[in-house]
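Asker: Below you will find the structure I want to go over with you.
Any read-out appearing in this document is the output of simple, stated calculations on the displayed coordinates, not a laboratory observation. The model shown is predicted, which means the values in this text are computed figures rather than measured ones. Please note: Cβ atoms are built from the backbone with ideal geometry, for glycine as well, and neighbour counts cover all protein chains shown.
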Amino acid sequence: MNDSSRKRSSYEDILAMVRADAASTSMLHGEAGFQQALRLALRQERQRVIITIVVIATMLGTWVASFVWHPIANELCPWLEPHDVFDIGLVPAINLCLCIVLVMFPHAGAQMFVRACCWSYLVVCAFSTAATPGVMPLDFPVTALGCGTILLVLGAHGLEPERYRGVFVPLAHRVTLTWAMILGIADLQTLLAVNQAHRWMYPLPDACALGMVIAAFGLYRLRVWGLWLNLGMNAIVAALAVSNNLVGVSLPVAYTLAATAIAQTVLVIPLVRSILHGGTDEHPSLLRVMPWIARVIVALIMLTTIVFAWRGPDPDALQRFCSSHAEERECQFRRTQKTIFNHMKGMFDESNP
Amino acid sequence: MSKAPGHALALGTAVVASEEDKQERFCAMYRAERDSIARHLVALTGDRTSMEDLVNETFIRAFQSFETFEGRSSLRTWLHGIAVNVARNHRAKHHRRAAAALPEHSQETGATPEEELNRRQAIARFHRAIDELEPRLRDAFVLRVIEQHGLKEVAEMLTIPVSTAHAWATRAERLVRARIEGEGS
């Protein structure tokens with residue numbers, strides 16, 4: 001036998017040993033252990049769903065109660081009409097009702113939507129509470145804490161690879177793409193809620209929302225242009241928000257959009273590196289660390305909300321806030337009216353030279 | 001490869017009447033498939049100590065996400081695909097193939113202690129070579145070369161095209177062979 005054939009047989013021999021060793025593997029314990037583990041897992045899943053439904057129902061109940069019985073919430077600005085409050089709460093209320101249904105579905109898409117809504121309302125309500133202490137109604141901290149609780153309770157359950165179906169089935173960078181998708185939908189939820197609150201009268205947030213819809217669609221289709229557009233939209237939204245140029249969007253919401261946009265950009269860095277320089281998948285250490293980072297961030301946001309909401313309503317702060325925002329609201333309204341008038345005048349001049 | 005009895009895998013085609021019925025059918029599937037899944041997981045993770053937990057996790061995840069089973073592959077292949085995901089998750093958490101190294105028990109082959117030691121060392125060397133592969137190549141290698149699944153099955157388990165499964169398994173085998181023969185020379 002020559003040297004090379006000895007080497008080859010050596011590989012084949014070891015492979016045969018490994019196969020034999022693998023074939024000798026069998027389960028030591030019986031079915032009872034599995035049944036017990038299955039019962040426990042099912043009970044835990046049911047508990048997670050029940051907690052989510054109860055928390056969302058509590059949030060919605062708080063909103064309705066504060067809308068119907070005013071004293072349960074903080075005093076509101078005198079210029080705020082009931083239909084304004086209705087407009088502000090419409091999109092979140094519809095989405096949270098949807099979440100109650102979707103959280104029961106085993107599909108990853110439904111689970112992602114629930115997380116996106118919770119993240120959006122957690123950050124918006126927490127930032128609003130922190131930026132204007134003593135001003136926001138009690139619904140805001142209640143919503144922030146409720147959404148944070150849901151995110152912590154749900155964790156990554158329901159986002160296992162086998163639950164993905166349809167078009168969005170990432171084979172590599174699954175966790176990164178999932179989080180990018182969740183944050184993208186969250187930004188979209190925030191913009192939709194803001195635009196609905198302003199009755200779609202400010203063109204810039206509307207255009208951003210449209211761009212985010214297209215980017216989310218591209219990302220959902222797992223297209224590279226979706227990722228680039230998503231990054232571009234994040235950069236635009238973050239730049240506009242930080243420079244306070246997102247007309248019609250309040251400062252806390254603008255900071256929310258900027259924070260989520262920056263988080264999303266940082267998150268997809270490994271994926272972008274992989275696309276540009278070649279690479280295979282997420283680093284295992286990243287997968288180990290990411291859930292903990294997410295939990296710590298959510299917990300910190302919840303803690304911040306508690307700290308700022310602790311001292312309760314402050315009538316003086318509310319009065320200051322209402323008077324300053326009344327002027328700002330008036331200015332913005334006139335500016336928008338003027339823009340629309342100029343635009344229409346231009347169109348009219350073009351058609352009748 | 002041991003094939004599971006047909007009745008145990010009828011779950012995918014049957015209309016599951018109730019939760020109890022579904023649980024009963026899953027237990028039947030568990031009885032039929034657990035050893036096969038256990039072998040699969042040990043080969044993928046190299047960790048015998050966590051084997052029981054990983055097998056249970058595989059079946060629990062299958063039970064919980066059964067509604068997402070689209071019937072594109074056989075239920076058995078789908079189950080093995082979930083085992084691949086469970087193994088990946090386990091590897092990500094534990095960084096390395098824990099006890100990949102040595103098989104715990106000796107087989108009744110009538111080998112001398114020295115031969116048995118050589119056998120264990122050879123298997124450990126093989127597992128170290130597998131450890132050095134990229135995760136995707138490692139999965140393809142284990143499924144195709146060690147477990148000897150068909151290419152189509154491997155492709156379905158890893159949710160990749162058949163040509164990719166073939167390319168990954170071939171490349172992985174070349175690398176492992178080079179490593180083993182390199183050490184042997």
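Asker: Kindly state, to the nearest 0.05, the FRET efficiency for residue B:21 paired with residue A:349, given R0 = 51 Å and r defined as their beta-carbon distance.
Answerer: For residue B:21 and residue A:349, the calculated efficiency is 0.10.
Asker: Pop a pseudo-label 7 angstrom from the Cα along the beta-carbon direction at both residue A:172 and residue A:262 and give the gap in nm to one decimal.
Answerer: It works out to 3.0 nm between the two label points.
Asker: So, one more: Taking the number of other C-beta atoms within 10 Å as the exposure measure, put B:134, B:173, B:114 in order starting with the fewest.
Answerer: Values: B:134 14, B:173 18, B:114 8.
So the residues, fewest neighbours to most, are B:114, B:134, B:173.
Asker: Okay, moving on. Using 1/(1 + (r/R0)^6) with R0 = 60 angstrom and r between the beta carbons of residue A:36 and residue A:200, what's the FRET efficiency to the nearest 0.05?
Answerer: 0.65
Asker: Among rounded, prolate and oblate, which fits region B:11-97 when a ≥ b ≥ c are the square roots of the eigenvalues of its C-alpha gyration tensor, a/c under 1.5 means rounded, and a/b larger than b/c means prolate?
Answerer: prolate
Asker: Using 0.36 nm per residue, how much length does the chain from residue A:235 to residue A:68 gain when fully extended, once their Cα-Cα distance is taken away?
Answerer: Using 0.36 nm per residue and subtracting the Cα-Cα distance, I get 56.1 nm.
Asker: Moving on to the next point. What is the calculated FRET efficiency for residue B:35 to residue A:53, with r their C-beta to C-beta distance and R₀ = 41 Å, to the nearest 0.05?
Answerer: In this case the efficiency is close to 0.55.
Asker: Right, here's the next one. Output needed: percent of Cα pairs per 5 Å distance bin for region A:132-246, bins running from 0 to the one holding the longest distance.
Answerer: Over region A:132-246, the share of Cα pairs per 5 Å bin runs 2, 10, 16, 18, 17, 18, 11, 5, 2, 0 percent.
Asker: May I ask for the Rg/Rh ratio of region A:180-308, computed from Cα atoms with Rh as the Kirkwood radius, given to two decimals?
Answerer: Value, to two decimals: 1.00.
Asker: Using only the Cα atoms of region B:111-185, construct the convex hull and provide its projected area averaged over every direction, in square nanometres to one decimal.
Answerer: 5.4 nm²
Asker: Across peptide A:159-166, what mean number of C-beta atoms from other chains lies inside 10 Å of a residue's C-beta? All intermediate terms of the calculation are to be shown ahead of the outcome.
Answerer: On the way: counts 0, 9, 10, 16, 5, 3, 6, 2.
The shielding value for this peptide is 6.
Asker: Rounded to the nearest Å, what's the spacing between the alpha carbon centres of region B:127-178 and region A:254-321? Just the number, please.
Answerer: Cα centroid of region B:127-178 versus Cα centroid of region A:254-321: 38 Å apart.
Asker: Same structure again: Once you average over the residues of B:36-42, how many Cβ atoms of partner chains fall within 10 Å of each Cβ? Working shown, then result.
Answerer: On the way: counts 2, 1, 5, 8, 2, 1, 4.
Per residue, the average neighbour count from other chains is 3.
Asker: Treat the count of other C-beta atoms within 10 Å as a stand-in for reagent exposure and order B:88, B:128 from fewest to most.
Answerer: B:128, B:88
Asker: So between residue A:293 and residue A:306, what do we pick up on full extension, going 0.36 nm a residue minus the alpha carbon distance?
Answerer: 2.7 nm
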